[in-house]
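Since every read-out is calculated from the coordinates, none of them should be taken as a lab result. Bear in mind that the values here come from a model prediction, so they are computed numbers and not experimental data. All Cβ positions, glycine included, derive from the backbone under ideal geometry; neighbour counts span all protein chains shown.
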Amino acid sequence: MVQSKLYSRVLGTGGYLPSNRVTNQALADRLATRGVETSDEWIVARTGIHARHFAAPDESTSDLALAASQRAIEAAGIDPQSIDLIIVATSTPDFVFPSTACLLQSKLQIKNAGAAFDVQAVCSGFVYALSMADALIRSGQHRTALVVGAETFSRILDFDDRTTCVLFGDGAGAIVLSASEEPGVLASALHADGNHAGILCVPGHVNGGVIAGNAFLHMDGQAVFKLAVHVLEKVAVEALEKAHLTSGQVDWLIPHQANIRIMTSTCRKLGLPQERMVVTVGEHGNTSAASIPLALDIAVRDGRIKRGQNVLLEGVGGGFTWGASVIRF
Ligand code: UT7
């Protein structure tokens with residue numbers, strides 16, 4: 001008997017942004033009270049960001065993940081109890097441990113999740129998590145996965161550092177991925193190079209009950225920019241080759257939403273028209289691991305991404321990490 005090939009396929013998507021929307025002007029006014037100078041003009045011109053959302057003081061990463069997951073589960077039309085794998089990509093977990101994925105399982109009241117764990121690959125986290133979930137489903141070990149990117153980066157921003165604090169926001173995006181005989185995730189390519197750890201990091205840790213080192217985000221923006229532009233094109237080509245697709249067959253490009261200049265450059269290098277790129281950076285800022293699933297959810301819900309279309313997702317971030325996935329939606 002010939003066994004048909006097993007794939008993992010997206011059944012539904014969800015997203016959540018905290019209600020506190022902070023415009024560039026509001027942020028600039030807030031920073032001015034600390035003697036930190038910035039402007040709407042600078043932020044828009046250098047990044048494409050107009051606003052970002054910040055979580056309320058009592059809102060944690062798992063709360064954001066919960067709201068996005070509930071929407072994804074509803075869109076998928078599944079019984080949450082059928083979820084047997086939960087992966088949360090985050091670099092801003094609620095606690096050192098337990099994992100945000102376990103907290104999410106509890107909040108969703110999923111009795112027997114099979115496995116729940118966090119993936120920490122910063123802004124590439126969602127692509128890493130998607131690739132893990134896909135492999136675990138294709139191997140037959142799990143059948144229905146909840147894959148989430150959720151962040152509260154506002155908690156690790158140094159509001160005295162204008163070179164970083166204007167760039168990031170909070171949010172969560174989620175997908176339900178399930179075993180299917182129809183093609184879904186076609187290919188993924190992941191990479192890491194820890195030699196670049198210092199250009200984007202939060203160099204603090206807990207020791208003896210206190211934080212040792214610096215627990216604020218530090219970034220060498222120009223070094224990250226150069227590396228990002230270089231690796232994003234390469235990894236996109238690699239994933240497309242693995243999927244046996246050309247860039248002309250890509251219906252939608254969803255790059256990590258960090259800076260519109262990096263995104264348009266990647267899109268141009270791939271020979272794709274800018275209209276085929278989903279852009280949310282203007283309204284969300286950089287939400288790290290949440291940026292790709294949030295953008296995916298927005299383009300699915302507004303009807304741009306349709307069933308059967310090819311979507312190229314790609315992320316890059318601290319570690320240094322980068323990766324791409326090609327999915328047939
Ligand atoms: O999520 C992971 C991936 N992260 C990224 O992809 C981020 C990659 N990097 C970037 O997006 C850009 O490098 C930045 C947006 C961070 C910076 O843009 P840039 O065009 O590389 O600016 P720059 O660092 O060369 O700074 C230009 C000037 C400097 O002033 P001087 O030295 O020329 O007088 C900065 O001090 O802009 C100044 N500056 C600011 N001015 C107003 C830096 N930040 C600000 C600010 N407001 N917020």
- request: Find which of Ala55, Phe97, Val44 sits farthest along the positive direction of the dipole of the stretch 40-109, computed with +1 on the beta-carbon of Lys and Arg, -1 on that of Asp and Glu, about the Cα centre.
  value: Val44
query: What full-extension length gain, to one decimal in nm, is calculated for Ser180 and Ser39 as 0.36 nm per residue of separation minus the Cα-Cα distance?
result: 45.9 nm
- request: Per DSSP H run of at least 4 residues, take -39500 (n - 2.57); add these up for the chain, divide by its residues and hand me the 222 nm value, nearest 500 deg cm²/dmol.
  value: -9500 deg cm²/dmol
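Return the inverse of the average 1/r over all pairs of distinct C-alpha atoms in the stretch 186-328, which is the Kirkwood hydrodynamic radius, in Å to one decimal. Before the final figure, lay out each step's value.
Details: mean 1/r = 0.0628 Å⁻¹.
By the Kirkwood definition, the hydrodynamic radius is 15.9 Å.
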- request: Check the straight Cα-Cα distances from Lys242 and name the lysines below 26 Å, setting aside those fewer than 8 residues away within the same chain.
  value: Lys5, Lys226, Lys234, Lys269, Lys306
- request: Fewest Cβ neighbours within 10 Å first, please rank Glu241, Glu151 accordingly.
  value: Glu241, Glu151
field: Approximate spin-label separation Thr264-Ala135, in nm, with each point projected 7 Å along Cα-to-Cβ
entry: 3.7
query: So, how do all the Cα-to-Cα distances of the chain break down into 20 Å bins, in percent, from 0 on up?
result: 34, 59, 7, 0
field: Fluctuation leader among Met263, Met277, Met219 - the chain, Gaussian network, Cα springs under 10 angstrom
entry: Met219
- prompt: Which one of Gln105, Gln81, Gln222 has the biggest mean-square fluctuation once the chain is modelled by GNM with Cα springs under 10 Å?
  reply: Gln222
